[in-house]
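Worksheet for the structure shown next.
The values are calculated or read from the model by the stated rules, or taken from the named source; none is laboratory data. The structure displayed is predicted, hence computed values, not measured ones. Cβ atoms come from the backbone with ideal geometry, glycine included; neighbour counts cover every protein chain shown.
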């Protein structure tokens with residue numbers, strides 16, 4: 001949560017300058033505007049805007065401070081929602097993009113307001129999605145992903161979104177570098193991290209045609225409408241061209257296998273009764289896309305390994321004192337890294 005004092009105006013925005021820009025570039029929104037902070041969304045500064053005539057929109061910019069070159073890339077998000085707008089993938093309406101940092105110190109864009117909610121937890125699901133509509137939500141969730149993976153990037157102007165070759169191979173190299181660089185500060189290494197990396201490189205599947213991959217597709221990055229279907233997919237900032245099966249395996253992390261009795265999903269958005277199993281959703285995806293999923297456990301293992309590497313890097317930063325550990329259970333964090341490698345190993349053993 002932000003500690004910003006909202007009475008001083010919206011964080012990261014020069015309110016008069018942004019409202020003047022909106023008056024000039026956005027139809028149907030007449031300043032003065034009421035600004036309401038929207039939580040979620042990778043610390044990007046996202047506000048709902050309302051005018052006196054009932055006009056609404058959402059404005060979004062990166063967090064303040066120095067950013068990594070590709071982090072919080074507003075132009076990438078803007079390109080994606082603009083290109084996907086006419087397709088079967090539901091996204092917020094792209095309204096206007098400001099490429100001048102002179103207005104408020106960073107690029108920002110304005111998009112349509114979507115009436116829906118992200119689901120982060122079991123409590124969110126119980127509050128927003130009745131049990132008898134959870135299968136409908138799950139089907140909508142998997143169908144939207146199938147629709148995304150059916151989009152030909154060249155046909156919608158996204159052909160240059162990223163490199164097309166070996167999405168998994170590139171990620172393996174990136175996250176293995178992260179693991180090895182974090183060993184010393186984390187004071188934690190696990191031989192399986194190295195063994196699995198070698199296994200994944202030695203058994204790298206043929207990718208097939210590159211498709212747009214979201215990279216973080218889950219109910220936390222979807223707005224679920226009142227009708228219990230996906231009203232919009234948001235947070236496209238790490239989207240690129242890549243292997244749709246890696247995207248699918250990541251999306252399935254949240255869904256509990258039919259045979260599963262372990263309580264690993266406790267508290268997650270899909271851990272409540274009424275949802276179909278992971279297997280049922282995979283079957284539906286295979287039917288809709290015609291893709292062969294016989295090697296999916298490779299991608300499941302890869303995603304677990306990558307998650308372990310990401311957590312390991314975060315843990316290392318805490319151990320170095322670069323982030324405050326106040327209120328954090330460091331032992332639990334360490335155990336989670338080991339547990340995630342267990343899951344990677346399990347997936348690989350099923351191949």
Which listed residue is crowded, with 20+ Cβ neighbours inside 10 Å and either at pLDDT 95 or above or not assigned by TED's automatic domain parsing to the domain that holds residue 222 (or both), from 127, 77: 77
Exclusive hit being surrounded by 18 or more Cβ atoms within 10 Å (Cβ to Cβ) and out of contact with any strand residue (DSSP E or B) (no Cβ under 8 Å at 6 or more places or on another chain), set 288, 304, 284: 304
Test: residue 162 is in contact with a strand residue (DSSP E or B) (Cβ under 6 Å, 6 or more places away or on another chain) and not in a strand (DSSP E or B): yes
Subset of region 73-101 [in a loop (DSSP other than H, G, I, E, B) and in contact (Cβ under 8 Å) with a residue 40 or more places away in the chain]: 73, 86, 87, 88, 89, 90, 91, 92
Cβ-Cβ under 6 Å pairs, at least 6 apart or on other chains, region 178-196 side at positive phi and in contact (Cβ under 8 Å) with a residue 60 or more places away in the chain, far side in a helix (DSSP H, G or I) and surrounded by fewer than 17 Cβ atoms within 10 Å (Cβ to Cβ): none
Failed item in (1) surrounded by fewer than 19 Cβ atoms within 10 Å (Cβ to Cβ); (2) in a loop (DSSP other than H, G, I, E, B); (3) on the phi < 0 side of the Ramachandran plot, with residue 157 passing the rest: (3)
Filter result for residue 89 (at pLDDT 95 or above, within 21 Å of residue 158 (Cβ to Cβ) and touching a strand residue (DSSP E or B) at 6+ places or on another chain (Cβ under 7 Å)): yes
Per-region count, region 317-351, residues crowded, with 16+ Cβ neighbours inside 10 Å, in contact (Cβ under 8 Å) with a residue 24 or more places away in the chain and either out of contact with any helix residue (DSSP H, G or I) (no Cβ under 8 Å at 6 or more places or on another chain) or farther than 25 Å from residue 254 by Cα (or both): 1
